[in-house]
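> Structure below; questions to follow.
The values are calculated or read from the model by the stated rules, or taken from the named source; none is laboratory data. Treat the numbers as computed from the prediction; the structure is a model and nothing was measured. Virtual Cβ from ideal backbone geometry, glycine too; neighbours counted across all protein chains shown. Ligands, DNA and RNA are stripped out before the accessible areas are found, and what is left, the full protein with its side chains, is counted by its heavy atoms. Shrake-Rupley method; radii C 1.70, N 1.55, O 1.52, S 1.80 Å.
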Amino acid sequence: MGKTSKDKRDIYYRLAKEQGWRARSAFKLLQINEYFNIFEGVTKAVDLCAAPGSWSQVLAKKLPTPDRKDVKIVAVDLQAMAPLPGVVQIQGDITKLSTAEEIISHFKGETADLVVCDGAPDVTGLHDMDEYIQGQLLLAALNITTHVLKLGGTFVAKIFRGRDVSLLYSQLRIFFPRVTLAKPRSSRNSSIEAFVVCQNYAPPEGYVPTMANPLLDNTNCDWSELNGINRLIVPFVACGDLSGYDSDTNYSLNLDGKPYQYTAPTQLPISPPYEEAMALITKPGETVVQLPDGTNKVNQT
């Protein structure tokens, strides 16, 4: 399969490279913002499960403030991530209290205006298992969000629309009076992913964030909020220009009549999973070097 095949099959993958985004997922956050205007007035933002950094890139470039010195963006991930200008990186676990404390320390004791999370598990193809693990990841992101998000703030996170998703909606509604399910144009129609946009953070009276217990074990929660979860209807909206590019359509390489020129990925993986496999196929005295276009070359040493 040639280098150009994915550019034809995935228009947002191609546009991400041409526009300098680290991943096509950047367009998902951009399209969510087009509809919900979540960046307005934001000076402190947290990107959970941030690697490879496309959402942090969007935040660094798009937060609209008169003085860029006021903007503080903290990106958190268990994996190492290549540096980004204007972004503070924390390599840590979002289920640990120490990670939440470190985030707040970068805000000089204040809290964030916006928390985003595009994290997802390595899918197995067993849909029930994938949906369960994704749900637990979402709850972990929500839990740390209760430590770092200011009252009235916004939380955006990936969710898999599965059989038991109504319970997740109900848990989110305990903390946010307005919860909307968004499907960006750049998200493939065949994918069960969507994004919950939770606005106006308002935890139950007396709620104390804790990493020690699951969210719903807190006895100060108003349990009446969980009644009739199957009757809870979360609005569903499509984000992005509906007359724009379709993520499930193949496009000509000569897009809009312009001659095609291959663009290498903006940021190559720091420690790709294929490194170990490449090491196994080399002979003594050989090394594998990754070229700027993303291909590999075996050199004699």
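> Taking 35 Å as R0, compute the FRET efficiency from the Cβ-Cβ separation of Met129 and Glu34 and round it to 0.05.
Rounded to the nearest 0.05, the efficiency is 0.55.
> At what distance in angstrom do the alpha carbon centres of the range 236-272 and the range 1-79 lie from each other?
The range 236-272 and the range 1-79 have Cα centres separated by 14 Å.
> Additional query: Might you tell me the accessible area per residue for the range 37-188, computed with a 1.4 Å probe and given in Å²?
So the range 37-188 comes to 43 Å² accessible per residue, rounded to a whole number.
> Moving on. Over the range 1-135, with every protein chain in place, what whole percent of the accessible area is carbon and sulfur at 1.4 Å, could you tell me?
Carbon-and-sulfur percentage of accessible area, whole number: 52.
> Counting other Cβ atoms within 10 Å, which trypsin sites (Lys or Arg not before Pro) in the range 125-186 have at most 15 and lie in a DSSP loop? Intermediate values should be presented prior to the final figure.
On the way: sites: Lys150, Lys158, Arg161, Arg163, Arg173, Arg178, Arg185; in loops: Arg161, Arg163, Arg185.
Those satisfying the criteria are Arg161, Arg163.
> What lysines does Lys183 reach when the alpha-carbon gap must be under 26 Å and sequence neighbours fewer than 8 apart in one chain are set aside?
Lys6, Lys8, Lys17, Lys28, Lys44, Lys61, Lys62, Lys150, Lys158
> Round to the nearest 0.05 the FRET efficiency obtained for Thr210 and Lys62 when R0 = 22 Å and r is the Cβ-Cβ distance.
0.10
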